[in-house]
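These notes concern the structure reproduced below.
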Amino acid sequence: MSETSTSDQLRRFPLFADLSGPDIEAIAGELETRSAVEDEVVLGCGRLGAGCGFILAGQASVRVHGEERTRLGPGDVFGEISTLLEEPAAADVVALGPLRYAVLPSARFKDVLTRHPAFTYRLLQAEVRRLRSPEQWFAGTSGAPAREGWSPASWQGYPAQQQPEWPDPAELEKTVVTLRAKPPLVFAGEARSLTAALAEAAAGRAFLLQAGDCAESFVDFSADAIRDKLKVMLQMAAVLTHGSGVPIVKVGRIAGQFAKPRSSPTEMVDGQELPSFRGYMVNDDAPSAEARRPDPRRMLEGYQQSMETLNLLRAFTTGGFASMTNVHVWNQEFVAASQQGKRYQAIADAIHRSLQFMGACGFDLEREDNLRRVEYWTSHEALLLPYEEALTRRDSMTGDWYDCSAHMLWIGERTRQTDSAHVEFLSGVANPIGCKVGPKATAADVVSICERLNPERIPGRLTLITRMGAGTIRSVLGPLVAAVRDAGHPVVWACDPMHGNTSVTAGGRKTRHFDQILDEIEGFFAVCAREGAWPGGVHVELTGDDVTECLGGGDEISEADLELRYTTACDPRLNAHQSLDMAFRMAELLQELPRRPMAAVVAV
């Protein structure tokens, strides 16, 4: 394994999540990569000076006197305590099949810890977690759940709303068993990094941009469509960062947003009553009874498409496409000549001039990791509980459970009851969680949700996503913000300005008016300012396509225009012009807010 490939693998592991690219490359250069066959002892009990090891691929067993205490997988570390104390190892580490691992020799261990404090801090956190919960570490992956009485299947003892009536339970169980054996789509360390980023938004030092399709499609799936959605988010983030001066936490409604809650189990289509379309992971939108029949095997197709989408997103965000040096490339052709596109071009020019200045001052922009790469996370509504349960894994490093279908999951307005199966499930996973809050929610409701989903008051763990409606938010939101503030919960307040502003035209088309969407965002900022809370983000449905689904905006889309390019699988989305318009307005609103001090960087 080359040094480059080793560093690429290390980037995905929690221990290295906070390190810059050059730091990871430097540590990778100190490592010696090795391989082992099944039953080979890679660290022997009583051995001195073996060094600190990192699992790259495969699994290993930790054994004391021949008895297995736990298992290690990719990203896990072993031998660090004996190396640090300069004492013999207290256990055997044995390969469970082909194993690839890297070793930091004892002679270089102290020097690496001294030169890379972020890595040292992560390593220290891992050891403290083991000391705090030794029963989890020494009981293996089948030990006690992270929350007492909770397991990935415990939701089954609670009322579950919005679940399809699967006609073949045996086929459902077969599908769930298959999903359990699949690799995780995301890593626990990535989810922890998102929690840390959202903690900055909760503290008023960052802003969440959560955006993407209303419902992803099995039909309209292509690399170009994924790239164009990412382009719009990168453009919006550039506008928001340039205009406001705060970091933007970019979370896509992507790679898993395949299921939708519905207000009725049936709907009328061309005069025929049919089962409602619940998203492509459940049934098809074709107007026939057979197409609308729920099929659990579609969850496997959703998993596969999510994996392909994630692979492409990781390539775009780490391979140079998302580099700030490509800020002009993100402006799509059908947007460039518009008023929004010209405003964006002016910002892109300003950013380009700044980068040229940095280059002239001696910065190597091609090697500057913060410019070349972008952190981009995925999210979806955790609606189909069998799917979410099947993709939940226990993190061998911390002992916590993570839903590895996405970095962030949210609960919808229809399923947020504190005694619901959805709340029970998400209360036990360690991912950052969102919860939609509508106009009928009371202060007591919202505080109860906070207590249920984040009793330890972990910053960045919980995002409350308001969906009130433009005519309601200014009168309803204030008491909720005050109650959460007074209860001491460090939530991210985010605004979903889409779902409370949906209407149906005389011709039967669902739509939203851009002016109402902006009005709700402005009301959200005003209420947060009045209550002394930071307006921490926005949650919107958009597409990179030149659709005509939402009225108004710079293009002044009318009801007559809706039929031109109305392609959504469910609800109407903003197009790229309207999305940029929104970003410019939000940047102005953020500029008007007092700046919060950035977190201090402390060397350890």
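Data for the structure
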quantity: Exclusive hit being over 26 Å from the mean Cα position of the chain (by Cα), in a strand (DSSP E or B) and under 24 Å from Q125 (Cβ atoms), set V94, V103; calculated: V103
quantity: Search result, residues across the stretch 327-340 that are modelled with pLDDT under 70, assigned to a helix (DSSP H, G or I) and either in contact with a helix residue (DSSP H, G or I) (Cβ under 8 Å, 6 or more places away or on another chain) or assigned by TED's automatic domain parsing to the domain that holds G544 (or both); calculated: F334, V335, A336
quantity: Given (1) free of Cβ contacts under 8 Å to residues at least 24 places away in the same chain; (2) surrounded by 14 or more Cβ atoms within 10 Å (Cβ to Cβ), index of the condition W166 fails; calculated: (1)
quantity: Pairs with Cβ under 7 Å, 6+ apart, first in the stretch 100-125 and farther than 18 Å from R11 by Cβ, second assigned to a helix (DSSP H, G or I) and not acidic (D, E); calculated: S106/T83; F109/T83; L113/T120
quantity: Residue check, T378 over 23 Å from I55 (Cα atoms) and either within 18 Å of the chain's Cα centre (by Cα) or among the aliphatic types (A, V, I, L, M) (or both); calculated: yes
quantity: Search result, residues across the stretch 149-176 that are hydroxyl-bearing (S, T, Y) and out of contact with any Pro (no Cβ under 7 Å at 6 or more places or on another chain); calculated: S154, Y158
quantity: Single match in T70, T83 (criterion: β-branched (V, I, T), in the same structural domain as A126 (by TED's automatic domain parsing) and not in a strand (DSSP E or B)); calculated: T83
quantity: Number of the condition not met by E86 [criteria: (1) under 21 Å from G399 (Cβ atoms); (2) surrounded by fewer than 17 Cβ atoms within 10 Å (Cβ to Cβ)]; calculated: (1)
quantity: Count of residues meeting criterion [hydrophobic (A, V, I, L, M, F, W, C) and either in contact with a Phe, Trp or Tyr (Cβ under 6 Å, 6 or more places away or on another chain) or without any contact (Cβ under 8 Å) to a residue 12 or more places away in the chain (or both)] in the stretch 474-496; calculated: 1
quantity: Residue among L564, L593, L551, L518 that alone is closer than 20 Å to D228 by Cβ and either free of Cβ contacts under 8 Å to residues at least 40 places away in the same chain or hydrophobic (A, V, I, L, M, F, W, C) (or both); calculated: L564
quantity: Residues of the stretch 493-543 satisfying the condition of being touching an Asp or Glu at 6+ places or on another chain (Cβ under 7 Å) and acidic (D, E); calculated: E541
quantity: Those residues of the stretch 285-307 which are in contact (Cβ under 8 Å) with a residue 12 or more places away in the chain and among the charged types (D, E, K, R), in sequence order; calculated: D285, R292, R293, D295, R297, R298, E301
quantity: Extreme residue, surrounded by the most Cβ atoms within 10 Å (Cβ to Cβ), among residues of the stretch 494-521 that are among the acidic types (D, E) and touching a Pro at 6+ places or on another chain (Cβ under 9 Å); calculated: E520
quantity: Residues satisfying the stated conditions in the stretch 234-271, i.e. in a strand (DSSP E or B) and among the charged types (D, E, K, R); calculated: K250, R253, E267
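Yes or no, residue by residue, for (1) closer than 22 Å to L185 by Cβ; (2) touching a strand residue (DSSP E or B) at 6+ places or on another chain (Cβ under 8 Å); (3) outside the structural domain of R298 (by TED's automatic domain parsing):
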| site | (1), (2), (3) |
| --- | --- |
| A225 | yes, no, no |
| A238 | no, no, yes |
| G243 | no, no, yes |
| V246 | no, yes, yes |
| G256 | yes, yes, no |
| P265 | no, yes, no |
| E273 | no, yes, no |
| F277 | no, yes, no |
| Y280 | yes, no, no |
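The values are calculated or read from the model by the stated rules, or taken from the named source; none is laboratory data. Note that the coordinates shown come from a computational prediction; the quantities given were computed from them, not determined experimentally. Because the Cβ atoms are built from the backbone with ideal geometry, glycine has one as well, and the counts that use them run over all protein chains shown.
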